[in-house]
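Reviewing the structure listed below.
Computed from the coordinates by the stated procedures, all read-outs in this text should not be read as laboratory data. It should be emphasised that the depicted structure is a prediction, and the values quoted were computed from it without experimental measurement. Positions of Cβ are generated from backbone atoms using ideal geometry, with glycine treated the same way; all protein chains shown enter the neighbour counts.
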Amino acid sequence: MSRRRPPDAPLPSGEAGPAEAEPHYLGHRDRLRARFAQGGADALPDYELLELALFRAIPRRDVKPLAKALIRRFGSFAEVISAEPARLAEIEGIGAGVIADLKLIEAAGHRLARGAIAARPLLSSWSAVLEYCRATMAFAAREQFRVLFLDRRNHLIADEVQGRGTVDHTPVYPREVARRALELSATAIILAHNHPSGDPTPSAADIRMTREIVGVLDPLGILVHDHVILGRDGHASFRGLKLI
């Protein structure tokens with residue numbers, strides 16, 4: 001009488017058994033890739049798009065629970081890939097490989113958005129400027145203050161982060177902005193910074209700082225075209241609000 005072997009016991013050497021079923025997640029991955037190929041990113045919710053991003057770094061595991069955990073923690077696909085590496089590492093199952101892949105996606109998005117404004121007069125492609133600023137800043141966990149330096153044709157000379165701060169404050173020095181504009185022979189600038197709170201409404205400090213920068217640059221013949229504040233909920237334009 002043969003003894004019954006437990007279902008998870010290995011087969012003795014040389015003994016053939018029934019074909020093992022593929023892990024369930026492999027078919028799911030194929031279906032997800034097919035939906036993405038047919039419908040693009042709009043065909044997938046954020047957590048499924050994130051699953052696609054996790055496939056390469058985690059090839060032999062069901063990543064749906066991990067993708068959903070990331071969305072629960074950070075809120076959206078954009079906020080996940082923009083999260084600081086130390087915060088990503090707090091999630092169980094996230095290692096250096098996953099973090100590197102997510103940061104690569106973030107960098108690629110920034111590079112694509114920058115490419116859309118690099119060779120055009122910025123004032124004639126304002127929507128691309130806003131998209132670039134949104135991609136690079138809107139979902140950051142800390143404030144950063146960015147200056148886009150323009151030449152006489154309003155083409156981009158340089159895009160530089162002039163300061164990084166806390167969740168609600170970034171120190172900015174108007175004379176440093178002026179010094180850098182003169183070094184680059186810029187004739188105009190666009191200011192941009194983010195509000196990690198999500199609300200892009202200018203604060204009294206934002207208004208005061210912007211007017212100080214305008215006051216320093218105006219005698220030098222350098223125009224401040226606008227100051228844009230980015231948040232998860234949209235943006236605010238100082239020019240549109242008639243604050244400058």
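In nm, what is the difference between 0.36 nm times the number of residues separating residue 30 and residue 56 and their Cα-Cα distance?
Extra length available between residue 30 and residue 56 comes to 8.0 nm.
Tell me the label-point distance for the pair residue 203, residue 131, using the 7 Å Cα-to-Cβ offset, in nm and rounded to one decimal.
Label at residue 203, label at residue 131, 3.1 nm between them.
Taking the Cα centre of each part, how many Å lie between region 93-109 and region 144-216?
Here the answer is 28 Å between Cα centres.
Using a simple spin-label model with points 7 Å from Cα along the Cα→Cβ vector, what separation in nm is obtained for residue 89 and residue 76?
Result: 2.8 nm between the two label points.
What residue among 78, 178, 138 shows peak mean-square fluctuation when the chain is described by a Gaussian network model with Cα springs under 10 Å?
So, out of 78, 178, 138, the one fluctuating most is 178.
Within region 30-97, report the trypsin sites (Lys or Arg not before Pro) that DSSP leaves as loop and that have at most 15 other Cβ atoms within 10 Å.
In loop regions of region 30-97 (DSSP not H, G, I, E or B), the sparsely surrounded trypsin sites (Lys or Arg not before Pro) are 56, 60, 61.
Within the chain, what's the longest run with no GluC sites (Glu not before Pro) in a DSSP loop and at most 14 other beta-carbon atoms within 10 Å? Give the range, please.
Value returned for the longest uninterrupted segment is 93-244.
For residue 111 and residue 175, calculate 0.36 nm times their separation in residues minus their Cα-Cα distance, and state this gained length in nm to one decimal.
This chain segment gains 20.1 nm when fully extended.
Could you tell me which label, among (1) 24, 21, 18; (2) 50, 18, 15; (3) 31, 21, 16, carries the value of semi-axes √(5λ) of the Cα gyration tensor in Å calculated for this structure?
(2)
If you take the beta carbon distance between residue 242 and residue 124 as r and set R0 to 25 Å, what does 1/(1 + (r/R0)^6) give as a FRET efficiency, to the nearest 0.05?
FRET efficiency, residue 242 to residue 124: 0.70.
Nearest 500 deg cm²/dmol is fine: what mean residue ellipticity at 222 nm does the chain get from its DSSP H runs of n ≥ 4 alone, each adding -39,500 (n - 2.57), divided by its residue count?
-13500 deg cm²/dmol
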